[in-house]
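Here is the structure we will look at.
Please treat every number below as a calculation from the coordinates, not as lab data. Model, not experiment: these values are computed from the prediction. Here the Cβ is made from the backbone with ideal geometry for all residues, glycine too, and neighbour counts use every protein chain on show.
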């Protein structure tokens, strides 16, 4: 007696099943890509905000420095006017102490600007700037960066001038042999005097303070014979360079920096909490 075994045969899948499997696979892959894109966007957003926070705090230092420099340039301008008056219209010997203060104040490199904004390099060269989507903020960043290049060129003029002439100007009216090592016991010049960080000048009934950067003032101050015409011309040239930089660059870049700060705060309202 023959036994017949009937094999179970599955017919071909229906087309709906193929579509369902395809859609499920497509959905899984799409969700994977979407999740990865979201993760990358969050990483980019965090990186961008971190760099912007760094820029924000460095920019605060820049604007504070620019405010001080603006005040310094204005005081340097006034000091130059007073120095010119002393040389041209007074008995310089009778006013040699005040002249000494003014001379030392104007022979320093006070008022030369150097930016703290290293985050700008990250924005430009690390490609972070492209992630800043706000057009006005981007424009403010690019404007400030351009103005930094411009003020660097102008301040370089002052550096070049001082490097070329200041050594001669500094020693022209006064002897500086008394600049010996502090507390030196074997100095062959035992000069009595006082180290001063600041001095007050009274001119035309107005009293104002000069920062002297620990200047030693000898008790017996000696005013040398010097070429007043050449000396004054150099000091006026230096003041012209300083005031030109202040008028054309310092004031304008301070405005640009302030505007950039305001726009960073607008786009990133919690920026102070980032760092």
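Using equal-weight Cα scatterers in the Debye expression, the normalised intensity of segment 210-275 in log10 at q = 0.15, 0.20, 0.23, 0.25 Å⁻¹ is -0.79, -0.98, -1.04, -1.06.
In plain terms, the chain from residue 116 to residue 153 could stretch by 11.7 nm, reckoned as 0.36 nm per residue minus the Cα-Cα distance.
Rounded to 0.05, the FRET efficiency of the residue 226 and residue 89 pair, given R0 = 22 Å and the Cβ-Cβ distance, is 0.80. Taking 7 Å steps out from each Cα toward its Cβ at residue 142 and residue 171 produces label points 5.1 nm apart. With both labels modelled 7 Å from their Cα along Cα-to-Cβ, the residue 133 to residue 23 distance reads 3.1 nm. Is any residue of segment 102-136 close enough, with backbone N under 12 Å, to a label point placed 7 angstrom from the Cα of residue 266 along the Cα-Cβ axis, and if so, which? Answer for segment 102-136: 134-136.
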